[in-house]
Number of protein chains: 4
Amino acid sequence: MAGSSFGNVFRITTWGESHGKAIGVVVDGCPAGLHLRERDIQIELNKRRPGQSPYCSPRDESDKVEILSGVFEDKTTGTPISLIVYNKDQRSKDYSEMQNIYRPGHADHAFDLKYGFRDHRGGGRSSGRETIGRVAGGAIAKKILASFGVEITTYTKAIGPFAVDMGNFDKEEIYNNPLRMPDSRVVPATEEYLRGLIKDGNSSGGLIECRVDGMPAGIGEPVFDKLDGTLARAVMSIGAVKGVEIGSGFEAAKRTGIENNDFYRMGTGGGIQKVSNHAGGTTGGISDGSPLVLRAAVKPTPSIHKMQHAVDKESGDIDLMIGGRHDPIIVPRAVIVVESMVALTILDLMLLNMGSRMEYLERVYGGPRA
Amino acid sequence: MAGSSFGNVFRITTWGESHGKAIGVVVDGCPAGLHLRERDIQIELNKRRPGQSPYCSPRDESDKVEILSGVFEDKTTGTPISLIVYNKDQRSKDYSEMQNIYRPGHADHAFDLKYGFRDHRGGGRSSGRETIGRVAGGAIAKKILASFGVEITTYTKAIGPFAVDMGNFDKEEIYNNPLRMPDSRVVPATEEYLRGLIKDGNSSGGLIECRVDGMPAGIGEPVFDKLDGTLARAVMSIGAVKGVEIGSGFEAAKRTGIENNDFYRMGTGGGIQKVSNHAGGTTGGISDGSPLVLRAAVKPTPSIHKMQHAVDKESGDIDLMIGGRHDPIIVPRAVIVVESMVALTILDLMLLNMGSRMEYLERVYGGPRA
Amino acid sequence: MAGSSFGNVFRITTWGESHGKAIGVVVDGCPAGLHLRERDIQIELNKRRPGQSPYCSPRDESDKVEILSGVFEDKTTGTPISLIVYNKDQRSKDYSEMQNIYRPGHADHAFDLKYGFRDHRGGGRSSGRETIGRVAGGAIAKKILASFGVEITTYTKAIGPFAVDMGNFDKEEIYNNPLRMPDSRVVPATEEYLRGLIKDGNSSGGLIECRVDGMPAGIGEPVFDKLDGTLARAVMSIGAVKGVEIGSGFEAAKRTGIENNDFYRMGTGGGIQKVSNHAGGTTGGISDGSPLVLRAAVKPTPSIHKMQHAVDKESGDIDLMIGGRHDPIIVPRAVIVVESMVALTILDLMLLNMGSRMEYLERVYGGPRA
Amino acid sequence: MAGSSFGNVFRITTWGESHGKAIGVVVDGCPAGLHLRERDIQIELNKRRPGQSPYCSPRDESDKVEILSGVFEDKTTGTPISLIVYNKDQRSKDYSEMQNIYRPGHADHAFDLKYGFRDHRGGGRSSGRETIGRVAGGAIAKKILASFGVEITTYTKAIGPFAVDMGNFDKEEIYNNPLRMPDSRVVPATEEYLRGLIKDGNSSGGLIECRVDGMPAGIGEPVFDKLDGTLARAVMSIGAVKGVEIGSGFEAAKRTGIENNDFYRMGTGGGIQKVSNHAGGTTGGISDGSPLVLRAAVKPTPSIHKMQHAVDKESGDIDLMIGGRHDPIIVPRAVIVVESMVALTILDLMLLNMGSRMEYLERVYGGPRA
């Protein structure tokens, strides 16, 4: 229980259901003195908003964020920042017909098994709207990270069988197309594929990749709080994610040692550098100064417009055809959510790791006194 | 910091370095009244012991465990159980030549970046010996889980290019061969492959699969403490693991909704059942009554007997050939470690989730009083 | 940092400043299936509302609570319950004159030392309004506890030199007088004393006592998470509390063993009973079946209408006379806050302790399977 | 459960029973680079050792500490430090006669209520020997604090009716007399009092005071993680402590605002100073630059050599006379335990608070990059 918080020192606590009055997040532990306005957060929230392309559900969610506490004269005060987004588009539709039905791929049945009953209007806490709080908290985390030169780039790596060619990688392209792909050449065929799925009432999975440049070295702990594991938990806590890998990831399972080891060489500037980055920026659970690279596997949206075998708690086996319109692909909208979870993880670990050496305590507390 | 503990209610805290006096673990929060003897733990520890096959390093580690506290007349008392294993085979060899060298694929450099210096004898906390504490704690967790009918089966799924054919799956076979593969037919070719790597001074990665039968439904929390994410963190906290997936995992990224959704049907006994299990036993982050299925990608052992580019902190670029003998494959020994982390995760979540319904509180605290 | 949460399994996270838009709390980990409406919470909030007597500041705070999430058809769903109270009486008054002044007894200076600056309008997070979230969360905790027969009684034990005579104890009287004293005979003299302090621009401290009947035995942990210590932290986290004692408390320091030990006798019903209760209901950190008894020392309100030595950050030493009206006594309003913190602590420990015996796990998870 | 750990970033986990093989502690999160040898810890452990005076039980406990991990070439490595003390004086005596008896003032009954049974040899986890781990961990914390000029002075303030006259305060005297009183004039009468109690088979309670000089300002959080509350929990987690107060403490309950407020004046060196210190060094839960002052009330030792009413689980009411020799006063030995818990609390909060301002992050992570 009490599973709605993430982070130890920089901690977000999210709340709200898809069909409740509002959705929100409390960001606790934000350092004092950060310049922060509502628009800093709004810009990031807009990136996850549906209704932006034919590939997202048309529910109109303007998702206007309001800061309720923790900021004074545009600066954070060190006290909790409460953010709220009212649910504007709560259709008055009667959901009672879904009350007893367990939809394939949804958490309806699991919720009933756990709690004995559930809020059957929409997805409840499993709704994609829960991610609003993550993205809002992530916006603040990214603002702090940016001030230390930490830059996170996240994009759709593949949708169904269509994968980005990293040789064509163009960062500027990511938010130029509705699929968040950094390769304009693969976009048209992928869009064609998605249009076919829409017509068929079907949906697609995909792959998201995240790269962190300017990562400070020494972040993460050697044993249970490894940077890798903490990131894996963070990213896997996103509803549709079914797998996470770092660096060479599942490829490493097929490789030999000589293929997978990263050699070292002295850099031109005198620093020590890895010649390759199969480790994906973390060795022994600790950031090693190379860019962090991770990928998340996103399952296809379970809400499809096709006949499926389901169960009605009262009447038993049924054949179910779910109406309405739904996203044929969640991946483009999940890109900013993955980025937010990575940012929240890195910042929290940075704050937790500030006391890892006597030397760092001295920098903050002024060192030995006479 | 303080990253040496795992779990909230059933919590293990491990300590010890490869070349220190001893390795140990404190198991806190174990329910009182469990029958427990040293041999319950020893049996599991023996499964991770090296020196059992040509594919493991020959260091003799009998790893005899001793219970120092928390057990009285063969029953747990509810107080912390301290377990210790003395390091018997600490060779007196001089490690000072490695003091300034950063070995490819090892955490030497990352440790120096984080702490400013390191214990350069062997792997320190990054050594495989740290997993002794995990396996010892996992042995206790599995004993409790077994009493509730939760059974965990873990095995090598693939080594390099050689994968188990699940059509030949034979659970009894797992501990019959040194590779922990549940398919006797693939073992000879895989052994041949490993012998080739040994001769070449090289090593191999591999895949481990874990399946949990009898999993209670309703375990895990809907948002950040999802069963999936908590498992991912647990398994990814093992040194060589670079990727984790649940159910269809990375395959799901390529599928369509109709392919990936699990249909429901009424079971013959009246219960609701999933026809397939692409979800791998968890929906919306909550266990759904189906078997839990996860896979971990293990990178090849970085210690190889081949010439590599490395760096000496003082003299700069060097060509490094590491001597001694090392494991050409870590996968068979990591099988029991993955199983232990899965057991520790499930038990801790079960304990945390005992109060998820008013009904459960009533079962423990006797319900409403007159 | 991240210090705005309380509890592990039943966890509240409070947010909001006295002069911000709103004050709120997120209650996470509430068991599913509890009947809950806004009025359950409103009744408790009304108990801490100022403007109820001449001894409280007249600021009009109707403090109407709104449930934003976590409740569906008047039942808790197991997901986070977000509660909000808008700040209605934010006077537009210019506070800038207080920007550089450090008021005696207030946290102004400490906030500046910690964060580098502060929200100088009112008390910020140190305002009594922060306790709204605690009382709202406590209302839910008490509702659950009540269903298990746990009943908490809290009252003013003393104000300045005037103490309740426990021989006259009358529970019904507590909310009959504005001082929350369970002894109608001491009230008139105490009111007289407070009127004198008001006239003089001065204020008074006092003592609050809390008694918990129907406390389940076995709650609390033997070492660091003792029931006593956890309660002490909870109660001492209330702004004006400077001391906490359990049972005979500070009196015990003057006693001998034979005076302080509680003897045992078999009860008439066959159970084992303590003849006295100097331990205050907890032995070895664990609840022992007797009523829990604790007291909190509350310092006098620092906001007084008298000339005081203070400092202006820019101009140095000043003589300060603070205007406006303030509470001459905070104790009666703090009664419900102490009660809330005790309720939150007990419930959280009850939830954490559900797995302390194998037997309890069996009650929830159905015990050994065939 | 899992209540054997204390601290978040600098965390100790203690284990061991009075009559088990050994007692120990794992110190996790100690910053790397601290010079540390066994004797640094041994010196502090010797301060809690019994058998030093007629007022302590004569059990011979040399309590020799051994460092098992986390230190390399006399420097901490940042990894967990495991410390062990073997129990040398485990008398083979048969304790089975005590198996069913609930001794007044002891935790026997509470343990049985919680766990269903108990280790009936001596006090188990409630034994004073459990504090060995606290003192060992505290020794390391104090060594770090000392390097920042934080100095903790702890002493017996009163025993029964005999109190130290603070006008005679002499720090050097504390460890000169067996009672740990900083006033040599009160010692003879107090010793006389204790000798009388010994003769009578009785015991005494007392008061311990702790003062922290050189406390960094800004430590502690405004709401639930106040410095005061965190200290209260820490000190109240010591077995015999029944009350804690900070600064004017329970006295404040009787005072008026003008008596209790601390005025401010500019110091001669330009800094802002409090003229008095009724707050005891913490305002709004945050350290304010003044010395921290707290007191703990210690109950009389429950083990007395007098006839008492008790209960035998099987035979019912009994009259009990406990044999053997026991401490007539625990206070002098508890002095170092209180000091250790204060040190552990302060250091952990200092580490947790390192990220409270953007400015502090910049000091550690190098600030904005070009």
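The values are calculated or read from the model by the stated rules, or taken from the named source; none is laboratory data. The shown structure was predicted, so the numbers you read here are calculated from the model rather than taken from an experiment. Counting neighbours? That spans all protein chains shown, and the Cβs are built from the backbone with ideal geometry, glycine included. With ligands, DNA and RNA removed, areas are computed over all heavy atoms of the protein, side chains included. Shrake-Rupley method; radii C 1.70, N 1.55, O 1.52, S 1.80 Å.
Check the stretch D:185-196 and report whether any residue there is more than 7 Å from chain C (Cβ to nearest Cβ), closer than 30 Å to C:Trp15 by Cα and in contact with a strand residue (DSSP E or B) (Cβ under 6 Å, 6 or more places away or on another chain). The answer is no; no qualifying residue exists.
Where strands (runs of 3 or more DSSP E) fall entirely within the stretch B:1-92, those with at least 3 residues that are within 14 Å of chain A (Cβ to nearest Cβ) and modelled with pLDDT of 95 or more are at B:11-15, B:22-28. When each of A:Ile286, A:Ile246, A:Ile258 is tested for being modelled with pLDDT of 95 or more, within 8 Å of another protein chain (Cβ to nearest Cβ) and open to solvent by 20 Å² or more (accessible area, probe 1.4 Å), the lone residue that passes is A:Ile258. Looking only at residues in the stretch A:289-305 that are more than 30 Å from A:Gly196 (Cβ to Cβ) and open to solvent by 10 Å² or more (accessible area, probe 1.4 Å), the one that is farthest from the other protein chains (Cβ to nearest Cβ) is A:Pro291. When the residues of the stretch A:148-176 are filtered to those that are among the polar types (S, T, N, Q) and at pLDDT 95 or above, the one that is surrounded by the fewest Cβ atoms within 10 Å (Cβ to Cβ) is A:Asn168. In the set (1) over 28 Å from D:Gly128 (Cβ atoms); (2) within 7 Å of chain D (Cβ to nearest Cβ); (3) not in a loop (DSSP other than H, G, I, E, B), C:Asn202 fails one condition alone, (3).
Against the definition (open to solvent by 10 Å² or more (accessible area, probe 1.4 Å), acidic (Asp, Glu) and under 30 Å from D:Gly160 (Cβ atoms)), how does D:Glu362 come out, yes or no? When the stated conditions are applied, D:Glu362 does not pass them.
Taking the numbered list (1) part of a helix (DSSP H, G or I); (2) away from chain D (no Cβ under 14 Å) in turn, A:Ile346 passes all entries but (2).
Answer yes or no as to whether C:Gly281 is more than 8 Å from chain D (Cβ to nearest Cβ), under 21 Å from the mean Cα position of the chain (by Cα) and at positive phi. Judged against the criteria, C:Gly281 is a match.
D:Met341 meets the conditions (1) facing chain C (nearest Cβ under 10 Å); (2) touching a Ser or Thr at 6+ places or on another chain (Cβ under 6 Å); (3) among the hydrophobic types (A, V, I, L, M, F, W, C) in every case but one. The failed one is (2).
Scanning the stretch B:314-359 for residues that are among the charged types (D, E, K, R), surrounded by fewer than 17 Cβ atoms within 10 Å (Cβ to Cβ) and more than 30 Å from C:Lys75 (Cα to Cα) yields a total of 4.
The residues of the stretch B:109-140 that are within 8 Å of chain A (Cβ to nearest Cβ) and of a type in the set (Lys, Arg), listed by number, are B:Lys114, B:Arg125.
Just one of (1) free of Cβ contacts under 8 Å to residues at least 12 places away in the same chain; (2) open to solvent by 10 Å² or more (accessible area, probe 1.4 Å); (3) within 28 Å of B:Gly257 (Cα to Cα) fails for A:Lys114. It is (2).
Just one residue in the set A:Lys171, A:Lys226 is more than 14 Å from chain B (Cβ to nearest Cβ) and closer than 29 Å to A:Gly285 by Cβ; that residue is A:Lys171.
For first residues located in the stretch B:144-157 and within 14 Å of chain C (Cβ to nearest Cβ), partners that are part of a strand (DSSP E or B) and surrounded by fewer than 23 Cβ atoms within 10 Å (Cβ to Cβ) and lie 6+ apart or on another chain with Cβ distances below 7 Å form the pairs B:Glu151/B:Asp213.
Regarding C:Gln308, is this residue facing chain D (nearest Cβ under 9 Å) and either assigned to a loop (DSSP other than H, G, I, E, B) or touching a Pro at 6+ places or on another chain (Cβ under 9 Å) (or both)? Yes: the conditions hold for C:Gln308.
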